[in-house]
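Here the structure is laid out as structure tokens; the discussion comes afterwards.
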Amino acid sequence: MAVALRGSEVLGAELEVPLVGGGAAPYTNLDYAASAPPLTEVWAEVQAFLPWYSSVHRGAGFRSLVATAAYEGARDAVRGFLGGRPDDTVIFTRNTTDAINLLARCLPPETSVVTTLSEHHANLLPWRRYHGAVELPVPTTPAELLSSVDQALGCLPAGRPALLAVTGASNVTGEVWPIADLAALAHRHGARILVDCAQLAPHRPIDVAGLDLDWVALSGHKLYAPFGAGALVGRADWVAAGDAYLAGGGAVAEVSADGVTWTDLPDRHEGGSPNVVGAVAMAAACTALGRIGMDAVAADEERLGDLLRSRLAEVPGLVTYSTWPDHRDRVGIVAFAVCERDHSEVAAILSAEYGIGVRSGSFCAHPLLAHLAGGSAGWRPGCGLRVPGAVRASLGLGNDDSDVERLAGALVEISVRGPRWTYRTGPDGTVVPDPDDRPLPRWAAADGVYHP
């Protein structure tokens with residue numbers, strides 16, 4: 001068993017969960033791509049800060065002064081973790097989706113946007129809503145990606161602002177995208193680039209200044225700080241020129257009967273009482289990950305990811321999905337199916353009978369899942385009747401070799417023998433144990449029992 005990286009302990013690592021039919025098992029968390037538990041260091045920082053929590057920016061009380069200093073200092077921690085330029089703005093948001101929507105609202109009029117159908121919906125739908133983006137087909141190779149982006153950017157109207165919006169790493173198949181090449185390509189065409197770093201930031205070092213990225217967006221809940229904060233980090237000019245993202249308190253310099261004057265960045269886009277605890281937690285995560293070393297995180301995950309893919313390849317009837325099959329650079333994310341079983345059923349069996357948490361469905365990436373399915377009859381509907389789905393296992397700092405072995409062993413049993421319990425499909429298409437006799441903690445349901 002591999003030794004965990006020093007300082008990488010996550011809260012809940014010793015958690016046991018009930019199994020159907022009685023008994024319990026250590027919880028194996030293989031759902032980090034959805035939400036990562038807090039690092040114990042992050043939780044300790046949050047606990048230390050909470051007695052000092054107060055209003056920020058205009059409070060005269062000492063607690064307000066402390067809270068304001070912590071909140072504003074969090075911007076420096078996030079900027080430093082991402083290798084941002086000294087003048088890059090850091091705007092705290094709720095999550096990556098919120099950050100990308102904020103930027104979409106602030107683009108100059110008539111901005112041309114190029115993105116791809118590989119994207120998470122958060123990096124597709126805002127551009128479609130506000131700018132009628134050019135949506136490139138899912139590329140089958142990195143070379144095809146670069147070629148199609150080059151051609152699309154070259155066909156944009158001359159003299160108009162342009163933006164390339166791409167992912168840093170696929171949330172479905174794990175491929176790390178060539179963002180250095182994409183940034184250089186965008187700038188060669190006079191365009192700017194936004195990188196959705198929700199899946200990249202927890203797994204790889206990011207150097208905004210070195211890569212010459214214009215903006216990055218990320219979520220704290222994927223970065224071991226699940227306290228409701230995210231961030232948009234990058235150049236100030238376009239976002240400074242936009243109207244306040246949320247009209248209200250904190251975003252204004254002056255309001256009169258005749259109108260409003262918005263304040264400067266970053267307050268302009270942080271209307272209302274900000275999520276101070278979330279920002280402090282996100283900064284603590286950035287500091288902790290910086291101390292561990294993102295190069296070390298990447299190296300350890302590469303080894304564990306290779307083990308995961310090799311062990312899954314040995315499961316009878318299991319098929320993994322990939323956009324770029326020959327691409328080596330991947331974060332620890334694998335999407336798969338088992339013997340053409342319903343993906344929701346597989347996830348339910350893993351949870352109910354083995355205490356293993358994975359995710360199933362379409363992962364907020366419907367066009368990409370449709371591309372991967374390719375019309376195959378073996379796919380089952382995902383998050384929509386016409387949208388295929390899969391099972392996804394994703395790795396994080398709390399995982400080691402034993403987690404991979406537990407998953408592989410459970411999948412072999414499911415493939416060869418099938419489930420040991422009975423299951424039913426609910427009206428929303430989700431498969432659940434029937435009956436589900438696992439007791440919930442007392443605060444999770446009135447009678448302590450889950451009723452599907």
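If you wrap the Cα atoms of region 93-222 in a convex hull and average its projected area over all directions, you get 7.3 nm². The slack in the chain from Trp52 to Arg424, taken as 0.36 nm per residue of separation less the alpha-carbon distance, amounts to 129.1 nm.
Taking a span of 27 Å or more along the helix axis (Cα atoms) and a mean Kyte-Doolittle hydropathy of at least -1.0 as the rule, the DSSP H helices of the chain that qualify are 62-81. Each residue, Glu314 and Phe62, gets one label point 7 Å from its Cα in the Cβ direction; the gap between the two is 6.1 nm. Over region 42-291, the Kirkwood radius and the radius of gyration, each from Cα atoms, give a ratio Rg/Rh of 0.99.
Near Leu136, the amide H atoms lying under 5 Å from its own belong to Thr115, Thr116, Leu117; only residues 5 or more places off or on other chains count, and H is placed 1.01 Å from N. Close amide H partners of Val10, meaning residues 5 or more places away or on another chain with modelled amide H under 5 Å apart, are Thr40.
Rg/Rh for region 39-117 stands at 1.08; both radii use Cα atoms, and Rh follows the Kirkwood definition. For region 1-100, the set of trypsin sites (Lys or Arg not before Pro) satisfying both a DSSP loop assignment and a count of at most 12 other C-beta atoms within 10 Å is given as Arg6, Arg58. Here the 3J(HN,Hα) profile of region 419-428, calculated from phi with Karplus coefficients 6.51, -1.76 and 1.60 at θ = phi - 60°, is x, 9, 10, 9, 9, 9, 9, x, x, 8 Hz, Gly and Pro shown as x.
Computed from the Cβ-Cβ distance with R0 of 60 Å, the FRET efficiency linking Val252 to Val416 stands at 0.40.
Annotation: Cα Rg of the chain relative to the compact-globule expectation 2.2 N^0.38 Å equals 1.01. For region 155-273, the average shadow cast by the Cα convex hull is 9.8 nm², which is a quarter of the hull's surface. Estimated at 0.36 nm per residue, the fully extended path between Ala296 and Arg129 surpasses their Cα-Cα distance by 56.2 nm. Between Leu15 and Arg328, the distance separating the two model label sites (each 7 Å from Cα on the Cα→Cβ line) works out to 3.6 nm.
Bear in mind that the values in this text are calculations on the coordinates, not laboratory data. Keep in mind that what you see is a predicted model, and the values were worked out from it rather than measured. Here Cβ is always computed from backbone atoms with ideal geometry, including for glycine, and neighbour counts include all displayed protein chains.
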